[in-house]
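Each remark here refers to the structure printed beneath this line.
The values are calculated or read from the model by the stated rules, or taken from the named source; none is laboratory data. The shown structure was predicted, so the numbers you read here are calculated from the model rather than taken from an experiment. All Cβ positions, even for glycine, are placed from backbone atoms using ideal geometry, and neighbour counts span all protein chains on display. The accessibility values were calculated without ligands, DNA or RNA, using every heavy atom of the protein model including side chains. Shrake-Rupley method; radii C 1.70, N 1.55, O 1.52, S 1.80 Å.
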Amino acid sequence: MSEDTAIFAGGCFWCMVEPFDSLPGIIKVRSGYTGGHVPNPTYEQVCSHTTGHTEAVKVWFDPEIISYRQLVDLYWQVADPTDAMGQFQDRGDNYRPVIFVNSPKQREVAEESKQDLATSQRFDDPIVTTIEDAQPFYDAEEYHQDFYKKDPLREAAMMAPRVRYQEKYWEDKQ
């Protein structure tokens with residue numbers, strides 16, 4: 001089995017785990033923080049908007065089973081690419097949408113996918129998700145990991161705006 005990683009930021013990491021975790025070829029998904037200037041930040045520090053971090057998920061995957069492009073294409077369906085100031089009910093720079101790439105090939109794939117999305121005319125507003133080089137990824141505290149399994153009712157309530165987004169922009173449009 002081969003292994004690669006991908007990092008996606010798209011609002012609250014609680015809502016970003018399950019869509020990736022449920023796919024064949026996914027080895028594991030961890031919630032965490034990346035893109036900031038403070039080593040090993042805590043949730044409270046990230047929420048204070050003083051560390052520069054964004055909540056993100058790191059996805060370990062087998063590229064022989066699922067491609068990076070498939071992961072990026074899923075990302076567009078679970079994170080609103082037109083909202084630079086947060087995602088759904090989550091507001092602030094720590095919820096900004098970012099694809100963090102770890103290689104020139106990942107950058108090429110992400111840029112191509114972003115361009116394809118922009119020219120698709122699926123959205124009226126411009127695509128503002130940034131594509132940035134991967135930076136150190138720090139695991140979030142254990143109580144944040146696999147939240148959708150630990151508290152499925154709360155997770156469902158938090159996912160409601162994303163579900164409405166998916167229904168509006170993605171159902172029957174592929």
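A few comments on the model shown:
- Of all DSSP beta bridges in the chain, antiparallel share, percent nearest 5: 85 percent
- Pairwise Cα distances in the chain exceed 18 Å for 59 percent of all pairs.
- Largest mean-square fluctuation among THR51, THR130, THR119, in a Gaussian network model of the chain whose springs join Cα atoms under 10 Å apart, belongs to THR119.
- DSSP-assigned coil residues among GluC sites (Glu not before Pro) in the stretch 5-97, each with at most 11 further Cβ atoms within 10 Å: GLU64
- Its DSSP H runs of at least 4 residues, each contributing -39,500 (n - 2.57), put the calculated 222 nm mean residue ellipticity of the chain at -10500 deg cm²/dmol, to the nearest 500.
- Of LYS28/LYS150; LYS114/LYS149; LYS28/LYS168; LYS114/LYS168, those spanning more than 21 Å from alpha-carbon to alpha-carbon: LYS114/LYS149; LYS28/LYS168
- Heavy-atom surface analysis with a 1.4 Å probe gives the stretch 1-75 a carbon and sulfur content of 51 percent of its accessible area.
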